[in-house]
1. Please work out which one of (1) within 15 Å of ligand 1 (Cβ to nearest atom); (2) of a type outside the set (D, E, K, R); (3) touching an Asp or Glu at 6+ places or on another chain (Cβ under 8 Å) is the condition GLY39 fails and give its number.
2. Could you grab me the full set of residues in region 120-156 that are part of a loop (DSSP other than H, G, I, E, B), closer than 20 Å to ALA100 by Cβ and not hydrophobic (A, V, I, L, M, F, W, C)?
3. Looking at this structure, is PHE90 aromatic (Phe, Trp, Tyr), at pLDDT 95 or above and out of contact with any His (no Cβ under 6 Å at 6 or more places or on another chain)?
4. Any residue that is among the small types (Gly, Ala, Ser) and under 25 Å from ARG181 (Cβ atoms) - is there at least one of those in region 64-74?
5. Out of region 98-137, which residues are of a type in the set (Lys, Arg) and modelled with pLDDT of 95 or more?
6. Just to confirm my filter: which helices (runs of 4 or more DSSP H) fall fully inside region 6-109 and include at least 3 residues that are within 16 Å of ligand 2 (Cβ to nearest atom) and of a type outside the set (D, E, K, R)?
7. Tell me which residues, restricted to region 162-190, are within 16 Å of ligand 2 (Cβ to nearest atom) and either on the phi < 0 side of the Ramachandran plot or in contact (Cβ under 8 Å) with a residue 40 or more places away in the chain (or both).
Amino acid sequence: MSLLATEGVSVSFGSLRALHRVDLALEEREILAVIGPNGAGKSTLFNVIAGMLRPTEGRVRYGGRVITGLGPAEICRLGIAKTFQVPQLFPRLTVAENVAVGALYGRGVGLREARRLAAEWLDFVGLGPRRDAPAETLTMSERRRLDLARAVATGARVVLLDENMAGLNQREVEGALLLLRKLRERGTTLMLIEHIMRAVVGVADRVIVLNYGEKLAEGRPDDVMRDPAVIKAYLGEAHA
Ligand code: ADP
Ligand code: MG
């Protein structure tokens, strides 16, 4: 049985069909990348899985249980956490406090344990030295790592990363990939939306391509990148 699955998930915003009957399955400890042109429905798919949006049609299953209809807090406590395309941090709180909030929210631990977990995960993402800085003073690369630390501090078994490498330079992307591999070694299952193809090929076991809300292709990164339908979807956008 898959750890996480979407079954025929559709989302409509008025007359706009953002997702149409998307099926996917995620295995334990897998790294699955979701790619596709802008507006393909990638963030919408993550929002449905994380409980921020209710699908118009279809279900999400986690550990065999249907979680469709649960809210984001309940889904987070069950073990699914998400980072945001634009990091949603508490700007005036310190870096450590932002991560502690994740631990409090996801695990229902006390403040002392939340602080301990925050320190541990900040070291993991390399933000230990910045722990007392207000989050608003961080660089983009630091914000992305803080968002990741906050998501994993919830105790999540599955972490959804929505363009967590956007705006990073090459060296920072390499650092981010290393963190994802280390997370997987610790037993975390990852799903990532990613535009940086080098990152997808470097870390994903499997890729799903969305185009106009539908699954266009699925497979190993190398095979998917060579798929003429996938190349056309991307070139079509570049030439538009
Ligand atoms: P992606 O992340 O692949 O770029 P999104 O999932 O953000 O795409 O968006 C898919 C489509 O749904 C886009 O056309 C977008 O404008 C639309 N959309 C997303 N969220 C909403 C919303 N809350 N209300 C209306 N339309 C939305
Ligand atoms: Mg998006």
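The values are calculated or read from the model by the stated rules, or taken from the named source; none is laboratory data. Computed from a prediction, not measured in an experiment: that's the story for all the values here. Cβ atoms come from the backbone with ideal geometry, glycine included; neighbour counts cover every protein chain shown.
1. (3)
2. Once the filter is applied, which keeps residues that are part of a loop (DSSP other than H, G, I, E, B), closer than 20 Å to ALA100 by Cβ and not hydrophobic (A, V, I, L, M, F, W, C), region 120-156 yields GLY126, ARG131, ASP132, THR154, GLY155.
3. no
4. No, there is no match, as no residue in region 64-74 is among the small types (Gly, Ala, Ser) and under 25 Å from ARG181 (Cβ atoms).
5. ARG112, ARG115, ARG116, ARG130, ARG131
6. Once the helices (runs of 4 or more DSSP H) in region 6-109 are filtered for at least 3 residues that are within 16 Å of ligand 2 (Cβ to nearest atom) and of a type outside the set (D, E, K, R), what remains is 42-49.
7. ASP162, GLU163, ASN164, MET165, ALA166
So that you can scan it fast, the table gives a plain yes or no per residue for (1) surrounded by fewer than 18 Cβ atoms within 10 Å (Cβ to Cβ); (2) touching a helix residue (DSSP H, G or I) at 6+ places or on another chain (Cβ under 6 Å):
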| residue | (1), (2) |
| --- | --- |
| GLU174 | yes, no |
| THR189 | no, no |
| ILE193 | no, yes |
| TYR212 | yes, no |
